[in-house]
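Asker: First the structure, which I've put down as structure tokens, then a few questions once you've had a look.
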Amino acid sequence: MEAETQTGLSKRTETEIRAVLAGRRHGFATPLLFAGPAVIASIAYMDPGNFATNIQAGARYNYQLLWVVVLANVIAMLFQGLSAKLGLVTGRNLAELCRTHLPRPLVYAMWAVSEVAAMATDLAEFLGGTIGLSLLCHLPLMPGMVITGLITLLMLMLGGRGFRPMELMIGLLVLVIAICYVAELFIAPVNWAEAATGSVLPRLPDSEALTIAVGIIGATVMPHALYLHSSLTQHRVTPRNDDERRMLLRFSNREVLVALSVAGLVNVAMVMTAAGAFHAGHREVGDIGTAYHTLSPLLGPAAAGVFLVSLMASGISSSTVGTMAGQAIMQGFAGFKIPVWVRRVVTMVPAFAVVAMGVNTTQALVISQVVLSFALPVPMVALVVFTRRRDIMGRFANTRLVNGTAICGAAAILVLNVVLLVQTLN
């Protein structure tokens, strides 16, 4: 009965979207029917890796690096919008188009790199959710990992019952994260005037600030989110003509703007909370565990508890989304997929190995981001190339302005990722 209800929810949403496309439905709540893909993709911008980087930025440099968060989010909006457009216009996802239009050896190489990136992403996200659960419930890491794995597996089961249940579940967790950081802003002593200045005035006080800034930008546009977004849009409602494609693109662009704005504001709030709580006397705070143990005596147990709830929601939701992205990558590049529970178990293995070997979890998060630096050029370059080709996109191919902006954004992020990689290895 439950499966039928949830499947019916997706079918009902599709029917109502068709009514909007046909001009039979209007109203204030209409955009909510089209909300979902960008909300799911936005989790990549609020994952535990962002927590660690933003904590460092606020604790060490107060509000001076907020402008980096804003810039990174603007670039992310552009590329997620391109990914959504690719899926809507072509009816195929980014990985499938790579398999169709690129030489076979290159496709296999891209698939291998993308799978490694998906596993590295899941390592950071799964560890983050486990750390939050373990600290909140006073559990050892290993039992916390088992519980986190079971929770994410249960969430993934929703994906087999239509697109809408998963969209609503991830949307709820995004709301939890956002509410937590709104609450933190009222608990932490924030200097709003300095925060406003830091959001628009570019400043890099020293070389260490450059390293953190590169980390913020380099971890913003995530490879798996670019693959996944194009897959999510292709499986909702298939447009029957260019007029419907144009309307779907309009709603999609609005959703990307709203969802990524919320994600950007959450990241800004993370930096502001860390600046207000730690900068005055605890600038050395640089990892999630230390932040939690320092927050409690500074701002009280409520602030520390809210921090852990947001971290746990972030880790569980982003780990779920990471597994979904891995499925889309495999199906697109190789033409087949494995049961979702098998992928969930396989992608948990590195995290269990890290904990079993006693490796520092924060260091593991850093290493995972370095791995992502290698993988990021693959989907970014492919996305720019495909969305500018008229033989693929038709009249929806990128304009010169969009092409130029995308190329500049990709070049900026790739250069900064190289800088991050070199500095991390050194």
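Asker: Sorted by average packing, counted as other Cβ atoms within 10 angstrom per residue and highest first, what order do 139-150, 254-265 take? Don't skip to the answer; put the middle values down first.
Answerer: Details: 139-150: 16.9, 254-265: 19.8.
Output ranking for 139-150, 254-265: 254-265, 139-150.
Asker: Continuing with this model, one more query. Along Cα→Cβ, 7 Å out, is where each label goes; now give me the distance between the ones at Asn403 and Arg12 in nm to one decimal.
Answerer: 4.6
Asker: Let me ask something else about it. Report the local net charge at Asn241: Lys and Arg +1, Asp and Glu -1, summed over other residues whose C-beta lies under 15 Å from its C-beta. Could the numbers behind the result be given before it?
Answerer: Details: positive: Arg18, Arg240, Arg245, Arg246, Arg250, Arg395; negative: Asp242, Asp243, Glu244.
With Lys, Arg at +1 and Asp, Glu at -1, the neighbours total +3.
Asker: Work out, step by step, the length gained on full extension between Met157 and Ala353: first 0.36 nm times the residue separation, then minus their alpha carbon distance; give nm to one decimal.
Answerer: Roughly 68.1 nm would be gained on extension.
Asker: Could you give me the ³J(HN,Hα) list for region 397-407, computed from phi with Karplus coefficients 6.51, -1.76, 1.60 and θ = phi - 60°, whole Hz, x at Gly and Pro?
Answerer: 4, 4, 6, 4, 5, 5, 4, x, 5, 5, 5
Asker: Separate question: With the Cα gyration tensor of the chain in hand, give its eigenvalues times 5 under a square root as the equivalent ellipsoid semi-axes, listed largest first in whole angstrom.
Answerer: On the way: eigenvalues 213, 114, 101 Å².
Computed over the chain, the values are 33, 24, 22 Å.
Asker: Which of Ile17, Ile177, Ile407 comes first, and how do the rest follow, when ranked by fewest Cβ neighbours within 10 Å?
Answerer: In increasing order of surrounding Cβ atoms, one gets Ile407, Ile17, Ile177.
Asker: For region 30-114, go through all pairs of different Cα atoms, get the mean of 1/r, take its inverse, and jot down that Kirkwood value in Å. Each step should come with its number before you reach the end.
Answerer: Values: mean 1/r = 0.0633 Å⁻¹.
In region 30-114 this quantity evaluates to 15.8 Å.
Asker: Another one. Around Met119, under 15 Å between beta carbons, what's the net of Lys plus Arg minus Asp minus Glu among the other residues?
Answerer: Taking every other residue near Met119 into account, the sum is -2.
Asker: Given 37 °C and 0.692 mPa s, how large is the Stokes-Einstein diffusion coefficient of region 66-179 in µm²/s, with Rh as the Kirkwood radius over Cα pairs?
Answerer: Here the translational diffusion coefficient equals 188 µm²/s.
Asker: Right, another one. If Lys and Arg each add +1 and Asp and Glu each add -1, what is the summed charge of the other residues whose beta carbon sits under 10 Å from the beta carbon of Val321? List each step's numbers first, then the result.
Answerer: Values: positive: none; negative: Asp47, Asp122, Glu125.
Charge balance near Val321 sits at -3.
Asker: Report the per residue volume, in Å³, of the convex hull enclosing the C-alpha atoms of region 164-304.
Answerer: It is 153 Å³ per residue.
Asker: Report the gain in length on full extension from Ile147 to Leu257: 0.36 nm times residue separation, minus Cα-Cα distance, nm rounded to one decimal.
Answerer: Gain on stretching Ile147 to Leu257: 36.2 nm.
Asker: Right, here's the next one. Measure nothing fancy, just the Cα-based angle from helix 66-90's long axis to the longest principal axis of the chain, in degrees from 0 to 90, nearest 10.
Answerer: In the chain, helix 66-90 runs at an angle near 20 degrees to the longest axis.
Asker: For the chain, what does the helix formula give at 222 nm: sum of -39500 (n - 2.57) over DSSP H segments with n ≥ 4, over the residue count, nearest 500 deg cm²/dmol?
Answerer: Calculated from helices alone, the mean residue ellipticity at 222 nm is -27000 deg cm²/dmol.
Bear in mind these aren't lab numbers, they're just calculated from the coordinates by the rules spelled out. These numbers come from a predicted model, not from an experiment. Counting neighbours? That spans all protein chains shown, and the Cβs are built from the backbone with ideal geometry, glycine included.
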